[in-house]
Amino acid sequence: MAFPLLLPTWAMIGIFLLLPVILMAIYSFLTKEFRGGVVWEFSLAAYDQFFVNRGLFGDEPATLEWTYIGIFWRSIWQAIVATTICLLIGFPTAWFIATRAPTTRGVWLFLITIPYWVNLLIRTVSLKFLIRDNGPLNEFLMGLGVIDSPLPLVNTNLAVQLGLFYSYLPFMVLPIYAAVERYDFAYSEAAADLYASRWVIMREIIMPIVKPGIIAGCILVFVPSLGAFLAPDLLGGAKTFMIGSLIEEQFRGSLGNWPFGAAVSMILMSLVLMALLFYARSMAREGTR
Amino acid sequence: MKRLAFATALLATPAFADGELKIYHWFDYIPQELVDKFTAETGIAVTIDTYDSNEAMLASLKAGKMGQYDVAVPGDYMVQIMGNEGLLDSFAPTDLSNFGNIDPKWVDVPFDPGRKSSIPYQWGSTAFSVNRDVYKGDIDTLAIVFDPPAELSGKINALDSQGEVLALGSMYLGMPQCNSDRTQLKALSDMLLNAKTHWASFGSDTAKDVLVSGDAAAGMIYNGFSARARAEGANVEYAYPKEGFVVWMDNVVLLKDAPNRDNALKFMNFLLVPENAAAVTNHAAYTSGVMGVEPFLDDAIKNSPENNPPASAPAGEFIAVCDEPTQKLYDAIWTNLKK
């Protein structure tokens, strides 16, 4: 009986999740058509291009290709930094909100979400206005006499990090808030009565309880940061490819190599999937401990 | 029930009895008043979908949108690519009563000899502009963007477009386009990698804004876009460099399997009327390919330095369409430049 009731769910997962991924997987093994499109012939050329280097013009002996691994590494590192910053700022923020009186928590959450009613593109461009050489931030600092010449912020990695942090902060705050809110502070009091130090209370009692919230927040920030291209393009100056812009260029740009774009997407997805599986397994092991 | 029947009737009846026209066009490139004028004259209802790059348009047409649009507005090299891919329908010059209005120099164009599938829309050039408050020296050389003076180093925006950057780079080094000489291409690649150390950013849509805001003191840009930067208060001068510059032309093409072929031809004919062509130019600030538009042009556009190259300027070059093996080499240079 349960099966027909769940049918819409299965159909949803099948049509909107599995089918596109399967299509992408198939495309990554097809032959590229010149200037976009695919020829329906099996080919490993896309994966070959990713992993094998034959020199700038493809006529040298084959070695391991570092170009795309480098692009992946840069994107992954950037996502790790963004996630760390979001966690460092997001955790105290969530803690602060969750420990307010229940009547005022709603107001704080409301304030956190207000900027996110505005489109991501517009928020990113606004950030650029704020930090540019003759923008308000630099004018203010120069007016105070803190600096003599404008801080070069636009078109730097710092600006990209700022953009990612600003874009994804609520994805960190909200799950942690949900976890902390459920925490019963009577546990802390009980532990303190038994002479536990504040550090021990934090490590042994609070952390295990809010950990799922922290991990959910980290995943929610890390995954979109990895594929982000608005912040790198607009704030970082688009001088180097990120995973997101590399894929975009294969489909919409002049490179027009659909199988390669599909292959890069598949490799990215496999990496993320492996990380998530690893996490799920370690959680399961902890659950049985 | 009655209401439902009424709604069905509304949906079933076209809003205009005289048919419709589906245009696939660049974003913000045709004034709405001109579209309204076409509808008023012909009774044809017009629907416009937009795109933001030639490549994006080609990708979406190839991904299954052929047969949904009557006309599109590709750039020169893209007309040739679409023709090679069999995406274009053709017409006879006699199908358009205003065909004779096309400036003769734009009839036998390399990307569509004799204009069998396309008519000129607007044309212009791509070079670069310099903020004259920052740099006051000579700017008639591509060295300004590829080997810049100290004042401009680190303050240059490059177009985020492979075709234009590599074509301008080739001109700077005096190489032909679609070159397959590996040694020369290696030199081109090295020159660009070195030039990139002087660049602040890559951006095409943002090319005007970075000049107006002062984020960049110089930048590769299209001539009409630079005119708009100047109109918005930036003290920028557009250069016609001595080594050469890119000329481009956007064209209205008749798409294969156009659902409303006759209406598409009416629209193309309409755009060849000087007054209508001038309306587009007044909006976009480029140059029309139709003769007799001058009386209808705004003075600011007719006399703008961006649209009137100095006598000493060399002839511009269209971006060439390379064959697949050659294009692969240029793709490699571009990917390497941005890795």
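Descriptive notes on the structure:
- In region A:137-155, the residues that are at positive phi and in a loop (DSSP other than H, G, I, E, B) form Cβ pairs under 8 Å with partners that are among the hydrophobic types (A, V, I, L, M, F, W, C) and surrounded by 15 or more Cβ atoms within 10 Å (Cβ to Cβ), at six or more places apart or across chains, as follows: A:ASN155/A:LEU235; A:ASN155/B:ALA200.
- Within region B:116-134, the only residue that satisfies the criterion of being surrounded by fewer than 20 Cβ atoms within 10 Å (Cβ to Cβ) and either on the phi > 0 side of the Ramachandran plot or hydrophobic (A, V, I, L, M, F, W, C) (or both) is B:VAL134.
- B:PRO149 meets the conditions (1) of a type outside the set (Asp, Glu); (2) buried (at least 23 other Cβ atoms within 10 Å of the Cβ); (3) farther than 25 Å from B:ASP76 by Cα in every case but one. The failed one is (2).
- Residues (surrounded by fewer than 11 Cβ atoms within 10 Å (Cβ to Cβ) and in a strand (DSSP E or B)) located in region A:5-40: A:TRP40
- Residues in region A:31-52 that are among the acidic types (Asp, Glu) and either within 10 Å of chain B (Cβ to nearest Cβ) or in contact with a helix residue (DSSP H, G or I) (Cβ under 9 Å, 6 or more places away or on another chain) (or both): A:GLU33 alone.
- Entry remark, region A:97-115: residues being more than 28 Å from the chain's Cα centre (by Cα) and part of a loop (DSSP other than H, G, I, E, B) number 2 in total.
- Residues located in region B:100-115, provided they are part of a loop (DSSP other than H, G, I, E, B) and among the hydrophobic types (A, V, I, L, M, F, W, C): B:VAL107, B:PHE111
- Residues being among the polar types (S, T, N, Q), over 20 Å from B:ALA284 (Cα atoms) and surrounded by 19 or more Cβ atoms within 10 Å (Cβ to Cβ) - total across region B:190-212: 1
- B:ALA311 being touching a residue at least 12 places away in the same chain (Cβ under 8 Å), more than 10 Å from chain A (Cβ to nearest Cβ) and in a loop (DSSP other than H, G, I, E, B): no
- Test for B:THR335: is it surrounded by fewer than 18 Cβ atoms within 10 Å (Cβ to Cβ), at pLDDT below 95, over 22 Å from B:GLU33 (Cβ atoms) and of a type in the set (Val, Ile, Thr): no
- Answer residue from region A:247-263, given it is within 30 Å of A:ARG132 (Cα to Cα) and modelled with pLDDT under 90 and is farthest from the other protein chains (Cβ to nearest Cβ) among those: A:GLU248
- Top-ranked residue of region A:156-182 - restricted to ones that are among the hydrophobic types (A, V, I, L, M, F, W, C) and either surrounded by fewer than 19 Cβ atoms within 10 Å (Cβ to Cβ) or at positive phi (or both), ranked as farthest from the chain's Cα centre (by Cα): A:ALA178
- Residues satisfying the stated conditions in region B:305-315, i.e. crowded, with 18+ Cβ neighbours inside 10 Å and either at positive phi or at pLDDT 90 or above (or both): B:GLU306
- Entry remark, region A:53-96: residues being more than 14 Å from chain B (Cβ to nearest Cβ), more than 18 Å from the chain's Cα centre (by Cα), part of a helix (DSSP H, G or I) and of a type outside the set (S, T, N, Q) number 4 in total.
- Some residue of region A:112-122 being surrounded by 12 or more Cβ atoms within 10 Å (Cβ to Cβ) and under 30 Å from B:LYS155 (Cα atoms): yes
- Subset of region B:285-302 [assigned to a helix (DSSP H, G or I) and crowded, with 19+ Cβ neighbours inside 10 Å]: B:ILE301
The values are calculated or read from the model by the stated rules, or taken from the named source; none is laboratory data. No experiment lies behind these values; they were computed from the predicted model shown. Cβ: placed from backbone, ideal geometry, glycine included. Neighbour counts: every protein chain shown.
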